[in-house]
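The values are calculated or read from the model by the stated rules, or taken from the named source; none is laboratory data. From a predicted model like this one, the values you see are computed outputs, not experimental measurements. Don't worry about glycine lacking a Cβ; one is built from the backbone with ideal geometry, like all the others, and counts go over all protein chains shown. All accessible areas refer to the heavy atoms of the entire protein, side chains included, with ligands and DNA or RNA removed. Shrake-Rupley method; radii C 1.70, N 1.55, O 1.52, S 1.80 Å.
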Amino acid sequence: MGDTAKGTITSLDSLFSPEEAWKAARRVEDAIADRRKELDRLRGFLSDNSALIHLVRKLPDELSHDIMVPFGSAAFSPGRLIHTNEFLVLLGEGYYADRTAKQTIEILQRRGKALEAQVDSLKATMLDLQLESKFFNSTAAEAAEGLVEIREEYVEDTPKDVFESGISVSNPPDASKEDNLGKPDEDEVHARIMAKLDELEKEEIEDGSASGSDEDAEDSFQSNVDDDKNEASEIANLSMQFSGKAASFQSDREQPHSIEKSPLPPEPKENLHQASVLKLEDSSENSARQTFKIGSSSRRAFTGSIVEHSHGLAPIQSTKSTIPDQASGSNPSKPVSRFKMQKGIR
Amino acid sequence: MASSAALRELQRDLESQANALSKLQKDIAKNHRVRKQYTIQLGENELVLKELELLNENANVYKLIGPVLVKQDLAEAKANVRKRIEYISAELKRLDGTLQDLEDRQNNKKDSIVKLQQKIQTLQAGKAKP
């Protein structure tokens, strides 16, 4: 197994030059500055509005007010404000309406609410952009310090019966330890995963029905073991997990883009690479693939994750491996699965 | 000699394509600007309509026409605002269509420019060798 497994090592520097990443980060920061200006403007409107509400509220308290009436732009003359409960309110688009102080306050409060909604949406946009710029900066820093990315296709041939039913395994916390040790420990990692799987399957058989699916992929060893009868539900499960992952990745990475471009719905594709790369391509053109790779490795710098695709589910899987799919060849009628390992190693 | 003439031809072609592309990009930017303006107007009109709906029947409504305020019927004002919203929505839709078209054309231009550049490069490489 060890001699058949092959991986590729690419330095981030060659994939994506730090200068370009810096440039991208700077562009995003410019966008943030624009948004900040807009936000300041809206805040100004909001404070004006509340001051106006305050004024309108206390104007009808008196029958008349002594004021200085502006006379042109230069002069003032003393005067008196009467009819303190009658307002001519501009509704917008040149429309005015006669209103009382109370009605005016209602209108102004509705306007304030609309402004607040705008402020909120702007804040959300800014948060997205800030995340994006942080991502670009970290990418640039990683590329500058010579981080390398190691990718390996994980192909299993020994205890086939375990996999034939489709198992999804993802163990970031476990893998993080081994990642520091590097490639030589791959066998050991694999052995441990296998042991765990066997154990889980035994449990499953004893339990009988329940298909253990741990939704929380982040902090626990996640596994689905199922017998052949439950294949269909298992596949549904898997696709759910994958779409979940795709969605979470997109929300991290894609949302900032979708503000500028058209919003892209999260695609429930099990092939994360394909989906994300497709989306990135229109925004960052030729560096799209690199961006994604770096994205995945920076996100999982020390957390390799093993994701197994049920074969029937993933016909478009991008196979980087030079090894032909032996498992599916030997047993084509059943959905045969295999492992795919991604690692980011410093 | 023939290759250098072809090269010059290609470069001229490239230049004209680049000009066309920058023009397209300008159009797209203009489209974005106009669209932003319309979107703002649409928001304002919707706000006005909401307020007009909240007024009672006998409320006085005025429209500012030039320097004078003209008294208007509430129903009339509402109808006018609705019509305006309709018009703006239609306009926005039209702008979306043209934007799509412009972006398609921009992508096509980009492709053809890249192809031209590659052609020029291969020609230059071929010329350098012999």
Inset, instruction - Can you tell me the FRET efficiency between B:Lys26 and B:Ile120 if r is taken as the Cβ-Cβ distance and R0 is 30 Å, rounded to the nearest 0.05? - result: 0.75
Inset, instruction - Take chain B, connect every pair of alpha-carbon atoms lying under 10 Å apart with a spring to form a Gaussian network, then pick out the residue of B:Leu55, B:Leu24, B:Leu92 with the largest mean-square fluctuation. - result: B:Leu55
Inset, instruction - Place the peptides B:105-117, A:73-85, B:77-89 in order of packing, highest mean first, counting for every residue the other Cβ atoms within 10 Å and averaging per peptide. - result: B:77-89, B:105-117, A:73-85
Inset, instruction - Would you mind getting me the FRET efficiency between A:Glu199 and B:Ser112? Use the beta-carbon distance for r and R0 = 45 Å, nearest 0.05. - result: 0.15
Inset, instruction - Could you calculate the FRET efficiency of B:Val34 with B:Lys71 from 1/(1 + (r/R0)^6), where r is the beta carbon distance between them and R0 is 25 Å, rounded to 0.05? - result: 0.15
Inset, instruction - Return the sequence-ordered ³J(HN,Hα) values of the stretch B:117-122 in whole Hz as given by the Karplus equation 6.51 cos²θ - 1.76 cosθ + 1.60 applied to θ = phi - 60°, using x for Gly and Pro. - result: 4, 4, 4, 4, 4, 5
Inset, instruction - Please give the total accessible area that chains B and A bury against each other, computed with a 1.4 Å probe and expressed in Å² to the nearest 100. - result: 1700
Legend entry - Protection-proxy order for peptides A:10-18, A:131-139, each taking the mean of Cβ atoms within 10 Å per residue, highest first: A:131-139, A:10-18
Inset, instruction - Could you work out how far helix B:2-54 tilts from the main Cα principal axis of chain B, as a 0 to 90 degree angle to the nearest 10? - result: 10
Inset, instruction - Would you compute, from DSSP H runs of 4+ residues alone, the mean residue ellipticity of chain B at 222 nm, taking -39500 (n - 2.57) per run and dividing by the full residue count, rounded to the nearest 500? - result: -31500 deg cm²/dmol
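Counting only other chains, what is the mean number of Cβ atoms within 10 angstrom of the Cβ of each residue in peptide A:93-104?
That average works out to 6.
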Legend entry - Extension gain from A:Asp13 to A:Glu206, taking 0.36 nm per residue of separation minus the Cα-Cα distance: 64.4 nm
Legend entry - Solvent-accessible surface ranking, highest first, for B:Tyr62, A:Tyr95 at 1.4 angstrom: B:Tyr62, A:Tyr95
Inset, instruction - List every residue whose amide H lies under 5 Å from the amide H of A:Tyr154, counting only residues 5 or more places away in sequence or on a different chain, with H placed 1.01 Å from N in the peptide plane. - result: A:Lys340, A:Met341
Legend entry - Inter-label distance, nm, simple model (7 Å from Cα along the C-beta direction), A:Arg57/B:Tyr87: 3.9
